[in-house]
Every structure is written in C-alpha cells, then in structure tokens.
Amino acid sequence: MDKISIQQEDFDLSIEVNLAREGDNNIGAVVSFVGTVRDLDDKLLSKMTLEHYPEMTEKALFAIANQAHKRWALGNITIIHRVGDLPVSAQIVLVIATSKHRKSAFEACEFVMDYLKTQAPFWKKEHTKSGSRWVHAKTTDVNQTKHWE
C-alpha cells in the first residue's frame with residue numbers, strides 16, 4: 001500500500017523501507033532517494049521554509065504515484081515531504097519505490113522525484129544572512145521532467 005505524507009517531523013529511512021516492504025514477498029528491489037537542504041553557492045543559507053496548500057499538495061502527490069504505477073509494475077511507493085522551517089542538512093523528501101525488478105524501481109523513483117520537483121505545489125523560501133527569497137523552478141528540472149513525456 002502506498003504511503004503519502006506531508007509532515008513537519010523528520011523521517012527514518014530504515015523504518016520507512018521496512019514499512020514499504022512489509023507483507024510483500026514478491027519485492028526484489030527497493031530504491032530510495034533522500035533529498036536534503038543544501039547551501040548552494042556558499043550563500044550562507046541558514047534555513048529553508050517549505051509551504052504548501054494541504055489538499056492540493058496531497059492530491060498532486062497521489063497523482064504522481066498513480067502515474068508511476070501506470071508506467072511500471074510496482075509494489076509500493078512512499079512519498080514523504082517535509083514542510084516548515086528546515087536547517088541546512090535536514091532531510092526534506094523521501095521517495096521509495098518497490099518492485100520485483102530493480103530497473104522498474106530505479107526508474108519509478110527517478111520519475112517520482114522529477115515530477116515532485118516540477119508538479120507538486122510546494123513553495124520554498126531560502127533564508128540567508130543577507131535576506132530571504134523564494135526559490136523558482138530550475139530549467140534543468142523542467143527539462144528533466146520532459147524526458148518522461
């Protein structure tokens with residue numbers, strides 16, 4: 001069963017992997033991705049604030065997971081995305097894909113992450129010593145998503 005969660009609290013990769021595998025003896029591959037807050041270009045980032053509109057965001061995450069299930073033979077998909085104020089190095093996002101074979105799990109995990117970056121309605125604000133600014137979508141992320149069309 002898929003797990004979609006938008007939460008302030010941190011997550012534990014080991015626990016989430018075990019939950020994704022639980023009760024399915026046909027799983028031969030588990031692929032995970034953990035995204036973290038990073039300080040790009042030595043901006044002296046102090047924290048990142050992530051905001052969302054709950055009903056819209058959850059609906060978008062379920063739609064992304066459903067698209068992945070239509071493309072690949074998968075077991076479970078886990079998507080955990082954190083919101084609120086997160087310091088540098090904090091975990092932001094976890095994507096787990098399970099399947100019988102590794103290729104499907106790898107591709108599904110990458111697909112989900114690519115679509116999260118461009119299709120999920122999260123708003124990110126970087127806080128530095130010189131002020132705060134909203135983060136805009138990167139052209140490279142949009143181009144990466146197009147590769148799935």
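Just name the residue that is modelled with the lowest pLDDT out of those in the stretch 27-72 that are within 30 Å of V88 (Cβ to Cβ) and of a type in the set (S, T, N, Q). Within the stretch 27-72, the match that is modelled with the lowest pLDDT is S46. For the criterion of being polar (S, T, N, Q) and either under 28 Å from E149 (Cβ atoms) or within 16 Å of the chain's Cα centre (by Cα) (or both), S46 fails. Considering only the stretch 86-107, I want to know if a residue exists there that is buried (at least 21 other Cβ atoms within 10 Å of the Cβ), under 20 Å from V142 (Cα atoms) and in contact with a Cys (Cβ under 7 Å, 6 or more places away or on another chain). Among the residues of the stretch 86-107, at least one is buried (at least 21 other Cβ atoms within 10 Å of the Cβ), under 20 Å from V142 (Cα atoms) and in contact with a Cys (Cβ under 7 Å, 6 or more places away or on another chain), which makes the answer yes. Determine, yes or no, whether V142 is among the β-branched types (V, I, T), assigned to a strand (DSSP E or B) and closer than 29 Å to S46 by Cβ. No, not satisfied.
Tell me whether the stretch 40-61 contains one or more residues that are under 22 Å from R21 (Cα atoms) and hydrophobic (A, V, I, L, M, F, W, C). Yes, that holds for at least one residue.
In summary, V112 fulfils each of the numbered conditions (1) exposed (fewer than 14 other Cβ atoms within 10 Å of the Cβ); (2) in contact with a Phe, Trp or Tyr (Cβ under 9 Å, 6 or more places away or on another chain); (3) of a type in the set (A, V, I, L, M, F, W, C) with the single exception of condition (1).
Scanning the stretch 44-61 for residues that are surrounded by 14 or more Cβ atoms within 10 Å (Cβ to Cβ) and in contact (Cβ under 8 Å) with a residue 60 or more places away in the chain gives L45, S46, K47, M48, T49, L50, H52, T57, A60. Taken over the stretch 7-57, the criterion of being touching a Phe, Trp or Tyr at 6+ places or on another chain (Cβ under 9 Å) and of a type in the set (A, V, I, L, M) is satisfied by A29, V31, V34, L50.
In this structure, G75 does not satisfy being surrounded by fewer than 18 Cβ atoms within 10 Å (Cβ to Cβ) and touching a helix residue (DSSP H, G or I) at 6+ places or on another chain (Cβ under 8 Å).
The values are calculated or read from the model by the stated rules, or taken from the named source; none is laboratory data. What you are looking at is a predicted structure, and each value in this text was computed from that prediction instead of being measured. So basically every Cβ, Gly included, is an ideal-geometry build from the backbone, and we count neighbours across all protein chains shown.
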